[in-house]
1. Examine segment 89-99 for a residue that is among the β-branched types (Val, Ile, Thr) and either surrounded by 13 or more Cβ atoms within 10 Å (Cβ to Cβ) or over 13 Å from VAL11 (Cβ atoms) (or both), and state whether such a residue exists.
2. For the list (1) touching an Asp or Glu at 6+ places or on another chain (Cβ under 8 Å); (2) of a type in the set (A, V, I, L, M, F, W, C); (3) in contact (Cβ under 8 Å) with a residue 40 or more places away in the chain, I need the number of the one condition that VAL85 fails.
3. Name every residue in segment 59-74 that is of a type in the set (A, V, I, L, M) and surrounded by fewer than 16 Cβ atoms within 10 Å (Cβ to Cβ), in order of residue number.
4. Can you find a residue that is surrounded by fewer than 18 Cβ atoms within 10 Å (Cβ to Cβ) and part of a helix (DSSP H, G or I) anywhere in segment 31-50?
5. Being surrounded by 12 or more Cβ atoms within 10 Å (Cβ to Cβ), among the acidic types (Asp, Glu), modelled with pLDDT of 95 or more and over 12 Å from the mean Cα position of the chain (by Cα) narrows it down to one residue among ASP56, ASP22; which is it?
Amino acid sequence: MSDAERLRHVVFFRARNRADVDRVYDGLSILEANPHADVISVRRNTHSDALSDEVDVVVYAEFRDGQALADYKAHPLYQQSIDIVRPLRDMRVAADIAF
C-alpha cells in the first residue's frame, strides 16, 4: 500500500458484557469528532444476520491516505476513546482497505 492510496478503515468491537454495549458505543462515538477522517461513522450492529452475533459496534472511516490515518490515530480523541473502550471490550478486529 502506498501512502497516497485512499483507505477505508473498518473496526468491529464486541463488549465483554452485554450491559456495556452502550458505554462502548459512547466511547467510540468520540472518534466522530476526530478531524483527520474524511468520513467517519460509529454504528451499533443491527444483528440482522442470524449467523453472526459477534459484533456490537462498528467504526467505519475513510482517509485520503496513510498519513491521514496515522494523524487520526495520533489525535488525542483516539487515545481518549481507547481509554474508555479497551477495558470494556473483549474483541476488536480492524481492517484497512485501499481504494
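The values are calculated or read from the model by the stated rules, or taken from the named source; none is laboratory data. Fair warning: this is a prediction, and the values are worked out from it, not measured in the lab. Counting neighbours? That spans all protein chains shown, and the Cβs are built from the backbone with ideal geometry, glycine included.
1. Taking segment 89-99 as the starting set, the residues that turn out to be among the β-branched types (Val, Ile, Thr) are 93, 97.
Adding the requirement that they be either surrounded by 13 or more Cβ atoms within 10 Å (Cβ to Cβ) or over 13 Å from VAL11 (Cβ atoms) (or both) leaves none.
Scanning segment 89-99, I find no residue that is among the β-branched types (Val, Ile, Thr) and either surrounded by 13 or more Cβ atoms within 10 Å (Cβ to Cβ) or over 13 Å from VAL11 (Cβ atoms) (or both), so the answer is no.
2. For VAL85, the failing item is (1).
3. Narrowing segment 59-74 to residues of a type in the set (A, V, I, L, M): 59, 61, 68-70, 74.
Those that are of a type in the set (A, V, I, L, M) and surrounded by fewer than 16 Cβ atoms within 10 Å (Cβ to Cβ): ALA70, ALA74.
4. The answer is yes, given that some residue of segment 31-50 is surrounded by fewer than 18 Cβ atoms within 10 Å (Cβ to Cβ) and part of a helix (DSSP H, G or I).
5. Working: ASP56 fails: over 12 Å from the mean Cα position of the chain (by Cα).
Going through ASP56, ASP22 in turn, the sole match is ASP22.
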